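These notes concern the structure reproduced below.
The values are calculated or read from the model by the stated rules, or taken from the named source; none is laboratory data. These numbers were taken from a predicted model, which means no experiment stands behind them. Glycine gets a Cβ as well: all are built from the backbone with ideal geometry, and neighbour counts include every protein chain shown. Surface areas here come from the heavy atoms of the whole protein model, side chains and all, with no ligands, DNA or RNA. Shrake-Rupley method; radii C 1.70, N 1.55, O 1.52, S 1.80 Å.
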Amino acid sequence: MIGIGAYRPRTIVCNDDLVRGTTYTDDWVRRRTGVVRRGHAAADETITEMASRAGSRAMAAAGISADAVDMVLVASMSDLRQTPAAAPEIAFRLGARRAAALDIDAACAGFSYGVGMADALVRAGTVRHVLLIGVDRMTDLVSREGSAALLFADGAGAVVIGPGDTMGIGPTVWGADGARRELIAHGASWRDYRDRPEQPWPTMQMAGREVFRWAIDTVPELGRRAVEAAGLEMAQVRAFVPHQANLRIIERAAERLGLSADTPVADDIINAGNTSAASIPLALEQLRQAGRAHRGDWALLVGFGAGLAYAAQVVQVP
């Protein structure tokens, strides 16, 4: 990774703003999720707009022009315009008009899946520079009346992945458990909505307890496998950056990994909420900005979510 950039929505929404008129409280949200505030995208902060902003900043940080980008990968689960994919438009907006471009839908694991794909493409010599963007407008997918609205939020994060003299990205360890696909899923299909217009707009629903139990078992094991695959010891990991799903999951996973007490653990969920595919790059950028992670440090990334899809790798902080 040679550059990183982020875009956070202008509008910041606190818990008190969302729980007004509901049975939830600020204390309940903090205890159950860890979220204190989050960004909500305005009408003009579209998927393509947020992604383009983050991508532009990542290219500037990497010191490359749009002409040097050979592939644009966009990890997202929330673009309501399913066709065409968002990536070609984003590439055009950024000036990478000769780059290949495609979307990845691996939900909250999308960014880590994208790192694995970009790493393989660069190693194979198929491309030289990949612009990988994680972006989601989760506020478009959740019911405003349900508890999911208290957790999910919007944003975009991007990295440039390119060749280097030494290994800067370890092997990706990934997989999926389709038998549990209903744990995080839309309550109805677009066909159902089309054929039965009296049915409410399909929104994403999550079996929170089941997902929590699955995640606290899966994330530590996946993290250990990724560190081992890279030929490293856990003591060499200088930052832990999991998908920002829930602060309780993050803290429990960090404990089970056996990280040293001084290893920074990303907690961007407190101020950004769960931004799905955008959460890992946003959290990594936040660690850098806060001086808690430094260029060249080994960071363990673990993405997991709907599918159930999961992926992990260790990377050197750009």
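Only one of (1) in a loop (DSSP other than H, G, I, E, B); (2) open to solvent by less than 60 Å² (accessible area, probe 1.4 Å); (3) in contact with a Gly (Cβ under 9 Å, 6 or more places away or on another chain) is not met by Ala188, so which one is it?
Of the numbered conditions (1) in a loop (DSSP other than H, G, I, E, B); (2) open to solvent by less than 60 Å² (accessible area, probe 1.4 Å); (3) in contact with a Gly (Cβ under 9 Å, 6 or more places away or on another chain), the odd one out for Ala188 is (3).
I'm checking my understanding of the structure. Among residues of segment 30-67 that are of a type in the set (Val, Ile, Thr) and farther than 17 Å from Ala86 by Cβ, which one is farthest from the chain's Cα centre (by Cα)?
The first filter runs over segment 30-67 and keeps only residues of a type in the set (Val, Ile, Thr), leaving 33, 35-36, 46-48, 64.
Those still in the list that are farther than 17 Å from Ala86 by Cβ too: 33, 35-36, 64.
Numbers: Thr33: 17, Val35: 16, Val36: 19, Ile64: 23 Å.
Within segment 30-67, the match that is farthest from the chain's Cα centre (by Cα) is Ile64.
Strands (runs of 3 or more DSSP E) wholly in segment 236-318 with at least 2 residues that are open to solvent by 40 Å² or more (accessible area, probe 1.4 Å) - which ones? First the steps, then the outcome.
Working: elements: 237-242, 298-305, 309-316.
Passing ranges, in order: 309-316.
Report yes if Val36 is within 30 Å of Asp297 (Cα to Cα) and surrounded by fewer than 19 Cβ atoms within 10 Å (Cβ to Cβ), otherwise no.
Values: within 30 Å of Asp297 (Cα to Cα): yes; surrounded by fewer than 19 Cβ atoms within 10 Å (Cβ to Cβ): yes.
Judged against the criteria, Val36 is a match.
Residues of segment 152-168 being more than 26 Å from Met206 (Cα to Cα) and open to solvent by less than 10 Å² (accessible area, probe 1.4 Å), which ones? Walk me through it before giving the result.
Applying the first criterion (more than 26 Å from Met206 (Cα to Cα)) to segment 152-168 yields 158-168.
Ala158, Val159, Val160, Ile161, listed by residue number.
May I ask you to verify whether Arg209 is touching a helix residue (DSSP H, G or I) at 6+ places or on another chain (Cβ under 9 Å), open to solvent by 90 Å² or more (accessible area, probe 1.4 Å) and part of a helix (DSSP H, G or I)? Working first, answer last.
Details: touching a helix residue (DSSP H, G or I) at 6+ places or on another chain (Cβ under 9 Å): no; open to solvent by 90 Å² or more (accessible area, probe 1.4 Å): yes; part of a helix (DSSP H, G or I): yes.
Taking the combined requirement at face value, the residue does not satisfy it.
Restricting to segment 39-71, count the residues that are charged (D, E, K, R), outside any loop (DSSP other than H, G, I, E, B) and open to solvent by less than 10 Å² (accessible area, probe 1.4 Å). Break it down stepwise before answering.
Step one: list which residues in segment 39-71 are charged (D, E, K, R), which gives 44-45, 49, 53, 57, 67, 70.
Now restrict to residues that are outside any loop (DSSP other than H, G, I, E, B): 49, 53, 57, 67.
Still in the list and also open to solvent by less than 10 Å² (accessible area, probe 1.4 Å): none.
Of the residues in that region, 0 qualify.
How many of the residues making up segment 128-151 are assigned to a strand (DSSP E or B), open to solvent by less than 20 Å² (accessible area, probe 1.4 Å) and not small (Gly, Ala, Ser)?
From segment 128-151, those assigned to a strand (DSSP E or B) are 130-137; that's our starting set.
With open to solvent by less than 20 Å² (accessible area, probe 1.4 Å) added as a condition, the list becomes 130-136.
Narrowing the set further to residues that are not small (Gly, Ala, Ser) leaves 130-133, 135-136.
Final tally of qualifying residues: 6.
Which condition from (1) open to solvent by less than 70 Å² (accessible area, probe 1.4 Å); (2) over 25 Å from Phe212 (Cα atoms) is the one that Arg93 breaks?
(1)
Please work out if Val74 is within 19 Å of Asp136 (Cβ to Cβ), in contact with a strand residue (DSSP E or B) (Cβ under 9 Å, 6 or more places away or on another chain), part of a loop (DSSP other than H, G, I, E, B) and not small (Gly, Ala, Ser). Walk me through how you get there before you give the answer.
Details: within 19 Å of Asp136 (Cβ to Cβ): yes; in contact with a strand residue (DSSP E or B) (Cβ under 9 Å, 6 or more places away or on another chain): yes; part of a loop (DSSP other than H, G, I, E, B): no; not small (Gly, Ala, Ser): yes.
Taking the combined requirement at face value, the residue does not satisfy it.
How about segment 88-114: which of its residues are under 14 Å from the mean Cα position of the chain (by Cα) and of a type in the set (Val, Ile, Thr)?
Scanning segment 88-114 gives a single hit, Ile104.
In segment 96-127, what count of residues is obtained for those that are assigned to a helix (DSSP H, G or I) and either under 27 Å from Met206 (Cα atoms) or open to solvent by less than 10 Å² (accessible area, probe 1.4 Å) (or both)? Walk me through it before giving the result.
Initially, segment 96-127 is screened for residues assigned to a helix (DSSP H, G or I), giving 107-124.
Within this subset, residues satisfying the condition of being either under 27 Å from Met206 (Cα atoms) or open to solvent by less than 10 Å² (accessible area, probe 1.4 Å) (or both) are 107-116, 118.
Number satisfying all stated conditions: 11.
Which count do you get for residues in segment 170-184 that are open to solvent by 40 Å² or more (accessible area, probe 1.4 Å) and assigned to a strand (DSSP E or B)?
2
Identify, please: which residue in segment 68-87 is β-branched (Val, Ile, Thr) and closer than 21 Å to Pro318 by Cβ and is, among those, farthest from the chain's Cα centre (by Cα)? Outline the logic, then answer.
Within segment 68-87, the first condition is being β-branched (Val, Ile, Thr), and the residues that meet it are 69, 72, 74, 83.
From what is left, the residues that are closer than 21 Å to Pro318 by Cβ are 69, 72, 74.
On the way: Val69: 21, Val72: 16, Val74: 11 Å.
Step by step, filter segment 68-87, then rank; the result is Val69.
For every residue, the table says whether it meets (1) touching a helix residue (DSSP H, G or I) at 6+ places or on another chain (Cβ under 8 Å); (2) under 30 Å from Asp70 (Cα atoms).
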{"residue": "Ala120", "(1), (2)": "no, yes"}
{"residue": "Arg123", "(1), (2)": "no, yes"}
{"residue": "Arg128", "(1), (2)": "yes, yes"}
{"residue": "Arg137", "(1), (2)": "yes, yes"}
{"residue": "Arg144", "(1), (2)": "no, no"}
{"residue": "Ser147", "(1), (2)": "yes, no"}
{"residue": "Leu150", "(1), (2)": "yes, no"}
